[in-house]
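**Q** Below: one structure in structure tokens.
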Amino acid sequence: MARKKNILKEDIISYFMEYVLSNNKNPDSVYSFSKQYNFNEEDYYKFYGNFSALEQSIFKVFYEKTINLLEKNNEYQNYSSRDKMLSFYYSFFELLTANRSYVVYAIGAKSKKLKEIDTLKKLKKSFSNYIDELDITILETNQETLDKIQNKTLKESAWFQLLLTIKYWLEDTSPSFERTDIFI
């Protein structure tokens with residue numbers, strides 16, 4: 001059988017998510033993974049160096065899809081920082097809910113130590129940049145060092161808040177995750 005040509009990053013992500021959900025484990029090798037989904041192994045390496053890099057990119061893709069969705073709304077740009085953040089949260093968790101089985105597989109068992117999960121590294125970087133872009137007003141001190149500390153603290157506390165919300169969502173058993181909506 002001929003191998004698929006023009007495999008996209010999104011295809012690899014879909015195949016990977018399907019594989020881990022069907023087998024409850026990561027593929028044994030890139031070779032066996034690419035063979036099972038009928039694409040060339042070297043195509044995998046055009047996008048990712050290993051499965052860890054792929055896992056990290058999945059959560060970044062969730063972030064990117066959320067931002068793309070928000071930016072399609074013409075009114076979003078006129079929202080206050082608070083409303084932009086709320087919109088982000090609701091949209092992001094809606095996307096996570098649509099992929100809940102994978103998210104539970106990827107981080108559910110590790111939710112006690114979310115802060116230490118490598119899988120969320122790229123999400124953290126993207127989310128921190130998003131917080132910067134929101135241009136949230138902080139108390140200006142006219143002391144450069146103190147202002148840098150405040151900005152770093154703002155990004156870290158926003159990240160911690162997102163992690164807490166993810167943990168809450170993972171443990172939420174309410175219908176349609178209504179408690180998470182209230183938590184947000």
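The values are calculated or read from the model by the stated rules, or taken from the named source; none is laboratory data. None of the values given here were measured: they were computed from a predicted structure. Cβ coordinates were reconstructed from backbone atoms using ideal geometry, including for glycine residues, and neighbour counts include every protein chain displayed. Accessible surface is based on the protein model in full, side chains and every heavy atom, while ligands, DNA and RNA are left aside. Shrake-Rupley method; radii C 1.70, N 1.55, O 1.52, S 1.80 Å.
**Q** State the number of residues belonging to the range 79-98 that are touching a residue at least 24 places away in the same chain (Cβ under 8 Å) and either aromatic (Phe, Trp, Tyr) or buried (at least 18 other Cβ atoms within 10 Å of the Cβ) (or both).
**A** Residues in the range 79-98 being touching a residue at least 24 places away in the same chain (Cβ under 8 Å) and either aromatic (Phe, Trp, Tyr) or buried (at least 18 other Cβ atoms within 10 Å of the Cβ) (or both): 9 in total.
**Q** Could you say which residue among 25, 9, 35, 46 is farther than 30 Å from residue 157 by Cβ, more than 22 Å from the chain's Cα centre (by Cα), of a type in the set (Lys, Arg) and open to solvent by 30 Å² or more (accessible area, probe 1.4 Å)?
**A** 35
**Q** Could you tell me which numbered condition residue 67 fails, if it satisfies all but one of (1) at positive phi; (2) open to solvent by less than 40 Å² (accessible area, probe 1.4 Å); (3) touching a residue at least 40 places away in the same chain (Cβ under 8 Å)?
**A** Unmet for residue 67, out of (1) at positive phi; (2) open to solvent by less than 40 Å² (accessible area, probe 1.4 Å); (3) touching a residue at least 40 places away in the same chain (Cβ under 8 Å): (1).
**Q** Let me ask you something else. Here are some residues: 9, 35, 25. Which one is among the basic types (Lys, Arg) and closer than 17 Å to residue 106 by Cα?
**A** Unique residue meeting the criteria: 25.
**Q** Next question, about the same structure. Could you name every one of the helices (runs of 4 or more DSSP H) located completely within the range 70-184 that has at least 2 residues being over 24 Å from residue 51 (Cα atoms) and at pLDDT 90 or above?
**A** 81-98, 121-134, 144-171, 178-183
**Q** What number goes with the only condition from (1) surrounded by fewer than 13 Cβ atoms within 10 Å (Cβ to Cβ); (2) modelled with pLDDT of 95 or more; (3) more than 19 Å from residue 103 (Cβ to Cβ) that residue 30 does not pass?
**A** Against the list (1) surrounded by fewer than 13 Cβ atoms within 10 Å (Cβ to Cβ); (2) modelled with pLDDT of 95 or more; (3) more than 19 Å from residue 103 (Cβ to Cβ), residue 30 comes up short only on (1).
**Q** Residues of the range 11-52 being without any contact (Cβ under 8 Å) to a residue 12 or more places away in the chain, part of a helix (DSSP H, G or I) and among the charged types (D, E, K, R), which ones?
**A** 18, 35, 41, 42
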